[in-house]
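Peer 1: Got a structure for you, written out below as structure tokens; questions coming shortly.
The values are calculated or read from the model by the stated rules, or taken from the named source; none is laboratory data. Given the structure is predicted, the values throughout are model-derived calculations rather than measurements. Glycine also receives a Cβ, built like all others from the backbone with ideal geometry; neighbour counts cover every protein chain displayed.
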Amino acid sequence: MHQIVFATNNAHKMGEVSAILNAEISIVGLKEMGCFEEIPETQKTIEGNALQKARFVWNKFGVDCFADDTGLEVEALNGAPGVYSARYAGEDCCAENNIQKLLKELIGVSNRKARFKTVIALIQGGKEFFFEGIINGIVLTQKKGKDGFGYDAVFLPDGYNLTFAEMSMEQKNTISHRALATKALATFLNQ
């Protein structure tokens, strides 16, 4: 079994990614590595943040690792919140604050097209690789569903009548942006 470090302390992400990778690849989180530091995310792009986090782990521990970054890109907001999705309402905000700010900014806006984009940066043997997953949809006018995290309760993927927060993890893991990027990563690692 292949073991690799996932540069995150986010339990939701660990759960989603572990479920997709199944038994073929064993992932270890930062806590298991003894890393409790906040990894900086200071880049101006989703790709840049993912690579910054992976390089942090590679430089500190010298192990094969991957990191992801995700953004919700809203067409009417010129791609915002984008790379700032996790801290859209400020540095010390929570997901609820981010959702409320987004909904407030979209009051009266008819174009609610949006997409979730995840980029995974992998460092394997010192070489860097990228995997991307994108899912299109719309931002609802109010929250629906209790599961998921981040903007899941206001994002309705194209072709579905459930938000990510209304879907089971199994259903979300077949279509989500993170699932698509993770499946591409798994295919690469299993070659």
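Peer 1: In the stretch 166-187, what residues are within 13 Å of the chain's Cα centre (by Cα) and outside any helix (DSSP H, G or I)?
Peer 2: 176 - this is the single residue of the stretch 166-187 that is within 13 Å of the chain's Cα centre (by Cα) and outside any helix (DSSP H, G or I).
Peer 1: Checking the condition closer than 14 Å to residue 81 by Cα and small (Gly, Ala, Ser), which residue from 153, 179, 114, 184 passes?
Peer 2: Of 153, 179, 114, 184, the one residue that is closer than 14 Å to residue 81 by Cα and small (Gly, Ala, Ser) is 114.
Peer 1: I need the full set of residues from the stretch 40-72 which are out of contact with any Lys or Arg (no Cβ under 8 Å at 6 or more places or on another chain) and under 21 Å from residue 169 (Cβ atoms), in order please.
Peer 2: Passing the criteria: only 66.
Peer 1: Follow-up. Being touching a strand residue (DSSP E or B) at 6+ places or on another chain (Cβ under 6 Å) and surrounded by fewer than 17 Cβ atoms within 10 Å (Cβ to Cβ): is that true of residue 63 here?
Peer 2: The answer is yes for residue 63.
Peer 1: When you scan the stretch 78-98, how many residues do you find that are assigned to a helix (DSSP H, G or I) and either among the acidic types (Asp, Glu) or more than 18 Å from residue 117 (Cβ to Cβ) (or both)?
Peer 2: The total comes to 2.
Peer 1: Go through the stretch 83-98 and give me each residue that's farther than 26 Å from residue 5 by Cβ and either within 16 Å of the chain's Cα centre (by Cα) or crowded, with 22+ Cβ neighbours inside 10 Å (or both).
Peer 2: If the condition is that a residue be farther than 26 Å from residue 5 by Cβ and either within 16 Å of the chain's Cα centre (by Cα) or crowded, with 22+ Cβ neighbours inside 10 Å (or both), then 88, 94, 98 are the ones that fit.
Peer 1: With surrounded by 15 or more Cβ atoms within 10 Å (Cβ to Cβ), free of Cβ contacts under 8 Å to residues at least 60 places away in the same chain and not in a strand (DSSP E or B) as the only criterion, which of 101, 146 stands out?
Peer 2: 101
Peer 1: What residue, of 121, 186, is modelled with pLDDT under 90 and in contact with a strand residue (DSSP E or B) (Cβ under 7 Å, 6 or more places away or on another chain)?
Peer 2: Unique residue meeting the criteria: 186.
Peer 1: Please work out which residue is nearest to residue 174 (Cα to Cα), limiting yourself to the stretch 20-39 and to residues that are among the β-branched types (Val, Ile, Thr) and touching a helix residue (DSSP H, G or I) at 6+ places or on another chain (Cβ under 8 Å).
Peer 2: Taking the candidates together, the pick is 20.
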